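Step one of this worksheet: look at the structure below.
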Amino acid sequence: MRDIISNPVKYQLDTITSIKFSHRLNTEHHKMINILSRSILLSFLIINILIIDYVKCAVNWNGNNWAMQCDFSGNDLSNVKIAGELCGGKCAETTGCTHFTWTDHQGGTCWMKYGAVSKNNAFSTNDPNVVCGIMEGGHQGGSGSNINWNGNNWAVQCDFSGNDLSNVKIAGELCGGKCAETTGCTHFTWTDHQGGTCWMKYGAVSKNNAFSTNDPSMVCGVLGDNTVGGGSSSGDIINEQTFACAFNTIDAGMRASRFNGLRESGWTPANKDEAAVFLAHVFHETDGLKTMREYCAPGCASNYAGSWCGIQGKPGKLYYGRGWFQLSWPCNYHAAGQALGVDLLSNPDVVEQQPSLAVRTAVWFYQTNKMDEPARRGDFAATTRIINGKLECNGGPGAANQGLRIDTYKRIRKCFGLGEPTISPWC
């Protein structure tokens, strides 16, 4: 060993030097690797940022506040199983929700999210089953000012956010009436979902709360007490929707004609109680407005030939029941004609021929006999006693008819969002 290592100290120093040099080389090598790694990582991040920016730009909003095949990262607030078309509305009614994503997870889940956000924060998913959107002013589309109401309380291509009460599969023209007869419903939206679905909604609302959807199959509307400005005139209590609900056994064409007659007559109820009482009697007297004269006419005209007022009928004229309250007897035709400025004694047929006059004669009888006073306080029994008390009240021969009249009254109360009568309807 001594022959091989002639100078142990020098060998040890050389070895240490060699080790230090080798360590220095390794250190430099690692530094180079770290520099290269950082460069690669930075390049990777830059590429990803560029890709993400490109993907964001790929989201097609089509002028709306929602789009297909997109999502937002994080900021989950809550989630609920719900149909895709309802996700935006659910977000709008959820405190703190500013944007949302809908996926087909578990049959359909709405993921509500919080925090400041814009469309630029969305990224493409390339998944046609995903929808994302943002809340701007509580709407997913245009404002109510862009919607053409045409003087009505309903319009096409519009919707209301949130506040869903219930829904039912029903034809579009019946949606407003269904809302009117559903307790708590103040506005509605109809879509062609599952062949036609009426989405009833609750809460104070105006036409300005509606937003445009650009979907020609959608219809939205408000009930009479929810017009622009938060109030309504008494005439809006009976609107197209409440009228359709009350008179639900006639076709749309006939119903429109009858409704126009009401509008032309100028009569308006003071409150919902009066509207329900009046229309219930109208429904009962006219078989739901199917007829403007008694079914027994003209054969039963002889039943109404007498007089108690000194007025006699004109030769060849018949005075059986006509109009919304089935005006009958010469005395009533004469008195109504005098009040309305029309010679009804000479021309009784005009009561069934002119829609507005059919209403005005009913209103004349209604007000002349002071039915309006108990009607406004919801005293249906008192009004029945006035219109047909001898036959229907106190167990009279027409007591069964009173039962049908009351059933109609209870149903029509629901059209105006009223509950069970607070005063017994039986006389």
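To the nearest µm²/s, what D does Stokes-Einstein give for region 80-223 at 20 °C and 1.002 mPa s, using the Kirkwood radius over alpha carbon pairs as Rh?
D, rounded to a whole number, is 137 µm²/s.
Taking K and R as +1 and D and E as -1, what net charge do the other residues with C-beta under 11 Å from the C-beta of Asp349 add up to? Residues near Asp349 contribute +2 overall. Looking at region 368-427, the trypsin sites (Lys or Arg not before Pro) that sit in a DSSP loop and have at most 12 other Cβ atoms within 10 Å of their own Cβ are Lys370. On a 25 Å Cα-Cα criterion, which of the cross-link pairs Lys81/Lys414; Lys207/Lys370; Lys81/Lys410; Lys207/Lys272; Lys90/Lys410; Lys370/Lys390 come out too long? Beyond 25 Å: Lys81/Lys414; Lys207/Lys370; Lys81/Lys410; Lys90/Lys410.
Going by average Cβ neighbours within 10 Å, how do the peptides 297-304, 178-185 rank, with the highest at the top?
Ranking, from highest mean packing down: 178-185, 297-304.
Translational diffusion coefficient of region 339-422 (Stokes-Einstein, Kirkwood radius from Cα pairs, 4 °C, 1.567 mPa s): 88 µm²/s.
Per-peptide packing, taken as the mean over residues of other Cβ atoms within 10 Å, places 322-328, 103-109, 165-171 in the sequence 322-328, 165-171, 103-109 from highest down. Using a cut-off of under 19 Å, list every residue of region 335-359 whose amide N is near the label point 7 Å from the Cα of Gln312 along the Cα-to-beta-carbon line. From region 335-359, the list is 335, 344-348.
Within region 56-137, all pairs of alpha-carbon atoms sorted by distance into 10 Å bins from zero give the percentages 21, 58, 20. When restricted to Cα atoms, region 310-384 yields an Rg and a Dmax of 12.9, 43 Å, respectively. Per the Debye formula on identical point scatterers at the alpha carbon atoms of region 258-352, with no solvent, log10 I(q)/I(0) at q = 0.10, 0.13, 0.23, 0.26 Å⁻¹ is -0.29, -0.48, -1.22, -1.36. Assuming 0.692 mPa s and 37 °C, estimate D for region 152-224 with Stokes-Einstein, Rh taken as the Kirkwood radius over Cα pairs, in µm²/s. For the chosen part, D equals 281 µm²/s. Using a probe radius of 1.4 angstrom, the carbon and sulfur fraction of the accessible surface of region 255-388 is 45%.
The values are calculated or read from the model by the stated rules, or taken from the named source; none is laboratory data. Computed from a predicted structure; not experimentally measured. Positions of Cβ are backbone-derived with ideal geometry, glycine not excepted, and every protein chain shown enters the neighbour counts. Protein only, heavy atoms only, side chains kept; ligands, DNA and RNA dropped before computing areas. Shrake-Rupley method; radii C 1.70, N 1.55, O 1.52, S 1.80 Å.
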